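Structure, as structure tokens:
The values are calculated or read from the model by the stated rules, or taken from the named source; none is laboratory data. Bear in mind that the values here come from a model prediction, so they are computed numbers and not experimental data. Cβ placement follows ideal geometry from the backbone for every residue including glycine, while neighbour counts extend to all protein chains displayed. SASA here: full protein model, heavy atoms, side chains in, ligands and nucleic acids out. Shrake-Rupley method; radii C 1.70, N 1.55, O 1.52, S 1.80 Å.
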Amino acid sequence: MTSRRAISRRRVLGVSAVALPLAATASCGMPEALRKPPGLPASVRTLRASITAEQALVNDYHAVIRRYPQLSGRLDSFLSQHQQHLAQLQSRLVVPPHVTMSPIPSPPAPGPSSPSAAGSAGTAVARLVKAEQNAAAAQLGRLDGVPASLAQLLASIAASEATHAVALGPG
């Protein structure tokens, strides 16, 4: 009987693990997918837009309460809810370590039609109502193409904002 040494499966697998990737890249160079890390997924961009929008509402409420302290009792609960929404959104922002992400942009500076620029407390509240309506519509516009769990959160925030608009509006 000849003493021929058989190659073990373990050795074949070990050699394959090293040889196959080398053979794949030797003739073609590095595959495109490995050259540059992917950018931010659409759902992350959507989440960042929602965070910016929610931060803008928080800023509006703070500015109106600072300018018209007598509205504090009426607006504090809405502000608190927006801060909770913001915290929920921020808690879902997970960026892979290979992705370099710029800071989330600050909301635009308040303009002449912002709630804080209103000439009276009544006008400030009316502008908050409009801001809530716009925010609700914007959140609903972000639902398409996002994962179900994010869509559920955005829809819930949109419903809350729509409810705020009704509750703040003329009764």
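For region 140-171, the tally of residues that are surrounded by 15 or more Cβ atoms within 10 Å (Cβ to Cβ) and among the acidic types (Asp, Glu) stands at 1. Please work out which residue is modelled with the lowest pLDDT, limiting yourself to region 137-160 and to residues that are farther than 14 Å from residue 53 by Cα and not in a helix (DSSP H, G or I). It comes out as 145. If you go through region 117-139 and keep only what is open to solvent by less than 40 Å² (accessible area, probe 1.4 Å) and over 19 Å from residue 82 (Cα atoms), you end up with 118, 121. Could we say that residue 18 is in a helix (DSSP H, G or I), of a type in the set (A, V, I, L, M, F, W, C) and at pLDDT below 90 here? In short, yes.
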